[in-house]
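Below is one structure, written out as structure tokens; comments come after it.
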Amino acid sequence: MEKRSTTQSSSSKTTTDSSMTLQPSEDIISENYMVQREDIDLYGVITASRNYKAEKRPLVIISHGFNNTLEDYDDYADALARLGFIVYRFDFYGGSTRSKSGGTDMLAMSVLTEKRDLSAVVEKLSKESFVNTGAIALLGASQGGVVSTLFAAENPTVIKNLVLIFPAFVLFDDVKETYANLGISSTDQIPAVITHKNDQLGAIYLKGALEVDSDNEIKKVTSPVLIIQGTEDDVVPYQYAVDANQLFPDSELVTVEGGGHWIDSNFNQVALPAIEAFLKNSF
């Protein structure tokens, strides 16, 4: 399959399809929505049209990056809710030192525990009468992009679209480097607390990532994928996005010239229109 790659500067414009059937709204509300995963209460927020509970709308679930929280994605939630989507953001357990879902020492977190968090979120929201279960999209940033990819790979009939903002597929190589530097012969010998990329994490983080064949998981994703990556990202080198774009069966890479590993107004001048067009054109 031929791959699509688009390079845009922060002043570029992306056209959208105005013929779609979403119901835009300017009357937007945000309200807390908790999800339980085993004995963990995941804190989250729904942003949507005020009367969303009386309707059935498509859903976008936002997964935050390493040591981020749901508050870092306010602009995305507001913009997509105004287009007509229900948007759900949540804090991963142990995903941040500021997580409202707990685990703020981050020692019990890995990409696999975060995938279980996301699975619990999708399962609960899929049972709500106001969610169009045939129109569930995932939007993941950095490590949240990896987690979203892993979930989509395992649930091809559940996820309609996948949006990845500087997805941190580099983390698998980073973990292999940290593991090699430990000078041990077995994952059973990984210390309970490790220093990884200047952060204190639990052994579970390394073990979880070492279990994943990331290239194989990427190839399993059958839904359309949008990747947005900056050329000056010093956390996730641009080449990782290029490589992922080649591995996904159906994907598009939008390049933000000069973009780094953070979301700011310049990044969003490219990212938001691209995301809106991608999601709208899928209905």
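Please go through the range 73-101 and give me each residue that is over 22 Å from ASP27 (Cβ atoms), surrounded by fewer than 21 Cβ atoms within 10 Å (Cβ to Cβ) and in contact (Cβ under 8 Å) with a residue 40 or more places away in the chain, ordered by number.
Correct list: LYS100 only.
Check LEU70, LEU107, LEU42 and return the single one that is more than 13 Å from the chain's Cα centre (by Cα) and crowded, with 18+ Cβ neighbours inside 10 Å.
Numbers: LEU70 fails: more than 13 Å from the chain's Cα centre (by Cα); LEU107 fails: crowded, with 18+ Cβ neighbours inside 10 Å.
None of the other options fit; the residue is LEU42.
Out of all the residues in the range 45-67, which are surrounded by fewer than 22 Cβ atoms within 10 Å (Cβ to Cβ) and within 15 Å of the chain's Cα centre (by Cα)?
ASN67
Filter the range 40-56 for residues that are in a strand (DSSP E or B) and more than 21 Å from ALA120 (Cβ to Cβ) and give the result.
Matches in the range 40-56: SER49 only.
Can you tell which of ALA120, ALA135, ALA168 is assigned to a helix (DSSP H, G or I) and in contact (Cβ under 8 Å) with a residue 40 or more places away in the chain?
ALA120
Restricting attention to the range 150-160, and to residues there that are out of contact with any helix residue (DSSP H, G or I) (no Cβ under 6 Å at 6 or more places or on another chain) and touching a residue at least 60 places away in the same chain (Cβ under 8 Å), which single residue is farthest from ASN68 (Cα to Cα)?
Of everything passing the filter in the range 150-160, PRO156 is farthest from ASN68 (Cα to Cα).
I'm trying to understand the selection: among the residues of the range 182-237, which are among the β-branched types (Val, Ile, Thr) and in a loop (DSSP other than H, G, I, E, B)?
Within the range 182-237, ILE184, ILE190, VAL212, VAL221, THR222, THR231, VAL235, VAL236 qualify.
Condition check ((1) over 30 Å from THR97 (Cα atoms); (2) touching a His at 6+ places or on another chain (Cβ under 6 Å)) across all residues:
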| position | (1), (2) |
| --- | --- |
| VAL193 | no, no |
| ALA209 | no, no |
| GLU217 | no, no |
| ILE228 | no, no |
| VAL235 | no, yes |
| TRP262 | no, no |
| LYS280 | yes, no |
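Can you tell me which residues in the range 147-165 are outside any loop (DSSP other than H, G, I, E, B) and either among the hydroxyl-bearing types (Ser, Thr, Tyr) or in contact with a Phe, Trp or Tyr (Cβ under 6 Å, 6 or more places away or on another chain) (or both)? Don't jump to the end; show me each part of the working.
From the range 147-165, those outside any loop (DSSP other than H, G, I, E, B) are 147-154, 161-165; that's our starting set.
If the condition is that a residue be outside any loop (DSSP other than H, G, I, E, B) and either among the hydroxyl-bearing types (Ser, Thr, Tyr) or in contact with a Phe, Trp or Tyr (Cβ under 6 Å, 6 or more places away or on another chain) (or both), then SER148, THR149 are the ones that fit.
Only residues in the range 174-188 that are of a type in the set (Asp, Glu) count as the first member; pair them with residues that are surrounded by 10 or more Cβ atoms within 10 Å (Cβ to Cβ), Cβ under 7 angstrom, at least 6 apart or cross-chain, and list the lot.
Cβ pairs passing all conditions: ASP174/LYS197.
Taken together, the values in this text are just the output of simple stated rules run on the coordinates, not laboratory data. What you see is a predicted model; the values in this text were computed from it and never measured. As a convention, Cβ positions derive from the backbone with ideal geometry for all residues, glycine included, and neighbour counts pool all protein chains shown.
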